[in-house]
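Here the structure is laid out as structure tokens; the discussion comes afterwards.
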Amino acid sequence: ARECYIYQDSVTVISSTRYVSHLRSGISDPGPGGNNDSILNPGETVKLPTWVKNWGQQTANSVGAKLRTYNPNAQITDSAKSFGNINANDSAYTGANGFGLRVNSGLANGYPVTCSLYCRDALDSTWVSIMTFLVGTPVLAKRAVTVVDSAHGGNDNGRIDPNETADLMIRIGNTGLGHGYNCRAVLRSGDSRFTVTDSTASYGLIRKGDSAS
């Protein structure tokens, strides 16, 4: 027998026997397959340290779990973990060496990778949880342009006037789910009357949600 109590946008499951499901997961991506930023980037192989919880009122003995995905752009590299006995309303952890997941290169920012976690106990009860991980890439775009026209004999009015040479300070922001490493930009003019004399800029690291000039 199982009862569900719904509070706003969440569901609390209370089982009179045993009910083991996914509680939460993290992303661990140390080298050589990752860049150690705890973000699932395209082409990375990561570990998924995972917690499961027994929401029931009885102990679930000899709990094991297997991770599966049917996404063609993802592969499970370490699929099986043992959690041992999990007491009622208690949780268990894979440890830092969690499930293994690899995603293909070239995936877009926010690409969802859905996995199914199958938990089973000694009595062959099986519970399935859905886990979705989002791929994170940098998404870079111009945020602001500032004209500095005092260093080259300009009139220091914050705009480029005819026959004037000025510096352009361009701020770009990262709205993606991943950090931008070694970010660079090239400025091109589409007007023959406007000449770019110094076209390249290096921005270095731009973390997700941050910007740089």
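The values are calculated or read from the model by the stated rules, or taken from the named source; none is laboratory data. Note that the structure is a prediction, hence the values are computed from the model and not measured. With ideal geometry, Cβ positions are generated from the backbone for all residues, glycine too; neighbour counts draw on all protein chains shown. When the accessible area is computed, the model is the full protein with side chains, heavy atoms only, and any ligands, DNA or RNA have been set aside. Shrake-Rupley method; radii C 1.70, N 1.55, O 1.52, S 1.80 Å.
Numbers below:
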{"quantity": "Strands (runs of 3 or more DSSP E) lying entirely in the range 105-182 (those with 2 or more residues that are more than 30 Å from SER79 (Cβ to Cβ))", "calculated": "140-148, 167-174"}
{"quantity": "Contacts under 6 angstrom Cβ, first residue in the range 169-188 being touching a residue at least 40 places away in the same chain (Cβ under 8 Å) and under 13 Å from SER211 (Cβ atoms), partner outside any strand (DSSP E or B) and among the hydrophobic types (A, V, I, L, M, F, W, C), 6 or more apart", "calculated": "GLY176/VAL139"}
{"quantity": "Pair list, Cβ under 9 Å, 6 or more apart: the range 138-151 residue of a type in the set (Asp, Glu), other residue assigned to a strand (DSSP E or B)", "calculated": "ASP149/ASP167"}
{"quantity": "ASP156 being closer than 30 Å to GLY26 by Cβ, open to solvent by 80 Å² or more (accessible area, probe 1.4 Å) and modelled with pLDDT under 95", "calculated": "no"}
{"quantity": "Members of the range 18-37 that are surrounded by 14 or more Cβ atoms within 10 Å (Cβ to Cβ), in a loop (DSSP other than H, G, I, E, B) and polar (S, T, N, Q)", "calculated": "ASN35"}
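Every residue, every condition in (1) assigned to a strand (DSSP E or B); (2) at pLDDT 95 or above; (3) under 30 Å from VAL103 (Cα atoms), yes or no:
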{"position": "GLU3", "(1), (2), (3)": "yes, no, no"}
{"position": "VAL13", "(1), (2), (3)": "yes, no, no"}
{"position": "LYS53", "(1), (2), (3)": "yes, yes, yes"}
{"position": "ASN61", "(1), (2), (3)": "yes, yes, no"}
{"position": "GLY64", "(1), (2), (3)": "yes, yes, yes"}
{"position": "THR77", "(1), (2), (3)": "yes, yes, yes"}
{"position": "PHE83", "(1), (2), (3)": "yes, yes, yes"}
